[in-house]
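Below: the structure, in structure tokens.
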Amino acid sequence: MSVQKKNRRIGLYALGAAVMMLGFGYASVPLYRLFCQTTGYGGTPQIASEAKAATVGTSDQTVSVRFDSNKDADVPWTFRPEKTTMTVKLGERYMAYFIARNNSDQPVTGQASYNIEPEQTALYFNKIQCFCFTRQTLKPHEEVRMPVTFYVDPKMLDDENSKDVEQITLSYTFHKLKDPA
């Protein structure tokens, strides 16, 4: 085989490897998000359907759920939980509310990201309905009451890493969306 053919083959292998690395780079974010949602890794809570929630057993065991609210500096809103803590029975459905108020003279669209602490409880914290699933647009000076429906799976008691947890924190951070479309 000539040197020119050998160099061409090596060049094609290098180009193929570069294209594959670029593809893996683009795929890594959605794949990581899917991994976190599936496993609860990184404090990502589970999203449950109404049907799944109806099949979960209950327990007399309780846990305190603390609600935390944050916003980016460029979000001209006041954002807070209606109640800062709630004692919940494992397996029972609960609804909590967050209050958001647009303090500006312009409509503002935002989306909330969320996290659960301690991380090992994220696998058992299930949201059925949440304002964080969709973007929120508030008119100038509008105030809204936004619900989140959730339950904590009693299977948490079977997990050595989470069975002794007494408090779970559900934290939201609102981010301003540049393009509200």
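For region 90-106, give me each residue that is surrounded by 13 or more Cβ atoms within 10 Å (Cβ to Cβ) and over 12 Å from LEU138 (Cα atoms).
LEU90, GLY91, GLU92, ARG93, TYR94, ALA96, TYR97, PHE98
Is it fair to say TYR124 is within 22 Å of SER162 (Cβ to Cβ), surrounded by 15 or more Cβ atoms within 10 Å (Cβ to Cβ) and in contact with an Asp or Glu (Cβ under 6 Å, 6 or more places away or on another chain)? Quick ask: steps written out before the conclusion?
On the way: within 22 Å of SER162 (Cβ to Cβ): yes; surrounded by 15 or more Cβ atoms within 10 Å (Cβ to Cβ): yes; in contact with an Asp or Glu (Cβ under 6 Å, 6 or more places away or on another chain): yes.
Yes, satisfied.
When you go through LYS163, LYS139, LYS176, LYS155 one by one, which is the residue that is touching a residue at least 12 places away in the same chain (Cβ under 8 Å), within 22 Å of THR62 (Cβ to Cβ) and either of a type outside the set (S, T, N, Q) or in contact with a helix residue (DSSP H, G or I) (Cβ under 6 Å, 6 or more places away or on another chain) (or both)? So that I can check it myself, show each step before the final result.
Numbers: LYS163 fails: touching a residue at least 12 places away in the same chain (Cβ under 8 Å); LYS139 fails: within 22 Å of THR62 (Cβ to Cβ); LYS176 fails: within 22 Å of THR62 (Cβ to Cβ).
It is LYS155.
Quick one: which residue in THR109, THR87 is surrounded by fewer than 18 Cβ atoms within 10 Å (Cβ to Cβ) and either in contact with a Leu (Cβ under 8 Å, 6 or more places away or on another chain) or outside any strand (DSSP E or B) (or both)? Step through it out loud before you land on a result.
On the way: THR87 fails: either in contact with a Leu (Cβ under 8 Å, 6 or more places away or on another chain) or outside any strand (DSSP E or B) (or both).
Result: THR109 is the single residue among THR109, THR87 that is surrounded by fewer than 18 Cβ atoms within 10 Å (Cβ to Cβ) and either in contact with a Leu (Cβ under 8 Å, 6 or more places away or on another chain) or outside any strand (DSSP E or B) (or both).
Residues are listed down the side, and each one gets a yes or a no for (1) under 19 Å from the mean Cα position of the chain (by Cα); (2) more than 18 Å from ARG80 (Cα to Cα); (3) β-branched (Val, Ile, Thr):
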position	(1), (2), (3)
PRO118	yes, yes, no
CYS132	yes, no, no
GLN136	yes, no, no
GLU143	no, no, no
MET146	yes, no, no
TYR151	yes, yes, no
ASP159	no, yes, no
ASP164	no, yes, no
HIS175	yes, no, no
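Given the structure, is HIS141 out of contact with any Phe, Trp or Tyr (no Cβ under 7 Å at 6 or more places or on another chain), exposed (fewer than 12 other Cβ atoms within 10 Å of the Cβ) and under 20 Å from GLY110 (Cα atoms)? So that I can check it myself, show each step before the final result.
Values: out of contact with any Phe, Trp or Tyr (no Cβ under 7 Å at 6 or more places or on another chain): yes; exposed (fewer than 12 other Cβ atoms within 10 Å of the Cβ): yes; under 20 Å from GLY110 (Cα atoms): yes.
Judged against the criteria, HIS141 is a match.
Of the residues in region 144-172, how many are acidic (Asp, Glu), assigned to a loop (DSSP other than H, G, I, E, B) and surrounded by fewer than 14 Cβ atoms within 10 Å (Cβ to Cβ)? Write out each step before concluding.
First pass over region 144-172, keeping only residues acidic (Asp, Glu): 153, 158-160, 164, 166.
Now drop any that are not assigned to a loop (DSSP other than H, G, I, E, B), which leaves 153, 159-160, 164, 166.
Remaining after also requiring surrounded by fewer than 14 Cβ atoms within 10 Å (Cβ to Cβ): 160, 164, 166.
Counting residues in region 144-172 that are acidic (Asp, Glu), assigned to a loop (DSSP other than H, G, I, E, B) and surrounded by fewer than 14 Cβ atoms within 10 Å (Cβ to Cβ) gives 3.
Since every read-out is calculated from the coordinates, none of them should be taken as a lab result. Quick caveat, the model's predicted, so the values are computed rather than measured. Methodologically, a virtual Cβ is constructed for each residue, glycine included, from the backbone with ideal geometry; neighbour enumeration extends over all protein chains shown.
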